[in-house]
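Here's the structure, in structure tokens; my notes come after.
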Amino acid sequence: MIRRFALLLLAGVLAIAPHAAEAQLKVVTSTTDLYDIAKEVGGDRITAAHIGEGYQDPHFIEAKPSFVLQLRNADVWAFVGLDLEIGWMPLLLDGARNPKIRQGGAGYLDASTAIRVLDRPNGNVDRSMGDVHTQGNPHYWLDPENGRRIARLFQSRFSQLDPANAATYASNERAFEARLNAAEKGWQADLAAIRGKPVVAWHTSWRYFAEYNGMNIVAFMEPKPGVPPSPSHLYEVIQTVKRTGAKAIVMEPFYDRKVADLVAKQTGIKVLILPPSVGGVRGITDYIQLMQYDMAQLAAAVR
Amino acid sequence: MRTIRFTAVVLLSCASLAGAQQPDSAARSRQRADSIAKAVRDSIALMKELGAGLAAPSGAAAPGSGNVGPQSGPANPRLLPDISAVGDLVGDLSPRGSTQADRSRFGVREVELAVQSVVDPYFRGDVFLGISDVEKISIEQAFLTTTSLPNELELRIGRFLMPFGKQNLTHRHDLHTIEYPYVIQRLLSDDGLKGTGLWGSRVFAPFGFYQEVQVTAIDRLSRPVDSLHTAEDVNRSLGGLGFSARLRNYVDLSESQNVELSFSALTGKRERALGQSYLVSVEQPTGQFVPTDVNAIVARQTTYGADLTYRWRPLQQGLYQSFILQSEVMRQVNERVDDLVAPCANCATVSIAERARDYTGAYVFARYQTTQRTFLGARYDWLQNPENDGRTLNAGSVYLEWYPSEFSKLMAGYEGLSNSGDRLVNRLLVQAVFSLGPHKPHPF
């Protein structure tokens, strides 16, 4: 009996030892942008997965039970925050039954805590204002400065949870920033072309992008955030486009292009489908590519 | 002796393994200490930078145009729970008069008040009060849910919608039809079967797809009916409590299609009305036996069910297109009781001619999204109706659902209802639902 126990003990020691050495942080993110930045910082020391796809509206992701399986063993749950995921995240976190990634757990990582928030409403707020985000606009990753801040946040949290690899995370983070800085120098001409140019945006999701590149959003296709355009609002948009000479309607691939085409037909404005996230169009597989692509496409449209 | 020697060798081996790793471990410890120190330095640097960023917005950001997240303070500094209300208004424009229980043409079917919050690091609490002209104020649901049990376990204590089938778990105002399918109304409950007791569930995936088992033990299967008097309480013995089990199986067929096939069972004792009253001796809480008129027996009722849901929603065009096909089938098995046995040794057994039979029912429902805010739905119901001696009920209905926003819904429905071949009853129903406050999203 004792002999059998000793054998089991030995087998146990041998079985556990190699796994402990190979243990990686399991990171799940709500969007592909956070996923890519997490991979940049974590490298081969983490495994990563994402819930939403880049061509999907992140407000309306379905809380499918298969996502629960991804989350139940996660060490880190990183999300955009500012209520972007409020329609589905609570169900997934409840379903996952994983205390590590619930609010208050070490793996609960709200990326919005590291960025400068725009459009935080003042005074009384109610739903007559549309799908207003009471804590501010959550589409902040489209400003490269916020990309850097998110990377630093990941580095800090990964190092906290996995101190043995802190040096690797720091080095990966520096390398990511260096690549982003270099890419940023490459699109200075695009920035110059974009700055001050009037454009129409579908949703408030391009506000941070505009803050960064200086494009002048003269109208939104949505009369209020999340509210589909009405005929009377479209008439106003058409008048605004004619008055300001706006060059492009910037919209995500998941909105109905037919409505934008209607405005284009009346005014001659270009309809520009830009991916808001990594994977939003084929071939855009990382965050730096996403920023490069969006900047180049917009510059070409407004030149 | 050999065994002891072997054990010693094993322990020595382990020790030597540890010893061999010691120089390595020391180096790792130093490296780890360095890493921690660096992580702390980096964190401090990050916080300083964030603070500096707040004080002096950089680059393209307009001065004063934003706040860095952590500087803004908690969103809910007073730790208030989420409080919300849902109004469910129903109109009945049927050509031959209202088909509602209270004969109203327009009515507030229910107002649901919800108070929901995390209780402490171990539990969250959910309270749903239903307010209606019929029931006044009732506790629809009130339960405490564990949040930190290991092994994907979850326990719930309180009153909850019973995990039986698919639609019974959905609040009535959140259905895509105006009323529950007839199989749920007649075999479970008009407004969804609820139970008070314990709920346990566990998620697992031994075959690579999502599975969850949900079991409950509840005080009783049905709400007590004041007009029914039995010789003993339904939950007098533990075997008389209600018990249920459900196995969920969910599979992604592709990124835009998925299917869920689940099986449920529910058993317990409940009152069943007799055609007449009988005088029997009934044991009182004091232990005495008192002759009492009883007009109902306590009999076991067991219900089995299977539900299938297919969903299609393309990820990119998911705002504008989706389709759901759903079906549930249930069979209710009722215990045959020949004798009404009074619970006293010397009392005579009364023979009764109690009629009991089993009932089966099903529905098929489909819903197609036509625009961002508009859906078309249709349902077919078939049921051996317990309220009509098991004669067949057939109903076909169509629905037009329009969501002005996520927080309001307007629906119009037509239903053709036939009870065992009687004349077709035409029903025309309209519904308005509105939601105030931060209502927690409903389960997938």
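No lab work stands behind these numbers, since they all come straight from the coordinates. Bear in mind the structure is a predicted one, so any value in this text is a computation, not a measurement. Backbone-built Cβ (ideal geometry, glycine too); neighbour counts: all protein chains shown.
Going by the alpha-carbon gyration tensor, a ≥ b ≥ c the square roots of its eigenvalues, is region A:43-82 rounded (a/c under 1.5) or, if a/c is not under 1.5, prolate (a/b greater than b/c) versus oblate? Prolate is the answer for region A:43-82, as a/c is 1.5 or above and a/b outweighs b/c. Given axes a ≥ b ≥ c from the Cα gyration tensor, I'd like to know whether the protein assembly as shown is rounded (a/c under 1.5), prolate (a/b larger than b/c) or oblate. Taking the square roots of the gyration eigenvalues as a ≥ b ≥ c, the protein assembly as shown is oblate. Between B:Pro224, A:Gln266, B:Leu144, the Cα set farthest toward the positive side of the dipole of the protein assembly as shown (charges on each charged residue's Cβ, about the Cα centre) is that of A:Gln266. Dividing the summed -39500 (n - 2.57) terms of all DSSP H runs of n ≥ 4 by the residue count of chain A sets its mean residue ellipticity at 222 nm at -14500 deg cm²/dmol. The mean count of C-beta atoms from other chains within 10 Å of the C-beta of residues in A:96-106, rounded to a whole number, is 4.
From the square roots a ≥ b ≥ c of the eigenvalues of the alpha-carbon gyration tensor of region A:22-185, which class results: rounded (a/c under 1.5), prolate (a/b over b/c), or oblate? Could the numbers behind the result be given before it?
Values: a/c = 1.91, a/b = 1.22, b/c = 1.57.
Since a/c reaches 1.5 but b/c is at least a/b, the shape of region A:22-185 is classed as oblate.
Listed by chain and number, the lysines placed with their C-alpha closer than 25 angstrom to that of B:Lys269 are B:Lys166, B:Lys194; residues fewer than eight positions away on the same chain are left out.
Applying the Karplus relation 6.51 cos²θ - 1.76 cosθ + 1.60 with θ = phi - 60° to region A:118-131 yields 3J(HN,Hα) values of 9, 6, 6, x, 10, x, 6, 10, 9, 7, 5, 8, x, 7 Hz, where x marks Gly and Pro.
Estimated from the Cβ-Cβ distance and a Förster radius of 22 angstrom, the FRET efficiency linking B:Phe434 and B:Ala378 is about 0.35. Under 15 Å from the Cα of A:Lys258, which aspartates and glutamates turn up, not counting those fewer than eight places away in the same chain? Of all the aspartates and glutamates, those that pass the test against A:Lys258 - Cα under 15 Å, at least 8 places apart if same chain - are A:Glu222. Over region A:22-185, Cα pairs under 8 Å with separation of 6+ residues give a relative contact order of 23 percent. For region A:187-302, the Cβ-based charge dipole about the Cα centre amounts to some 380 debye (Lys, Arg positive; Asp, Glu negative; other atoms uncharged). Once the Cα atoms are used to define both axes, helix A:144-161 deviates from the longest principal axis of chain A by about 10 degrees. Pairs over the 32 Å Cα-Cα cut-off, from the set A:Lys224/A:Lys265; A:Lys100/B:Lys136; A:Lys185/A:Lys270: A:Lys100/B:Lys136.
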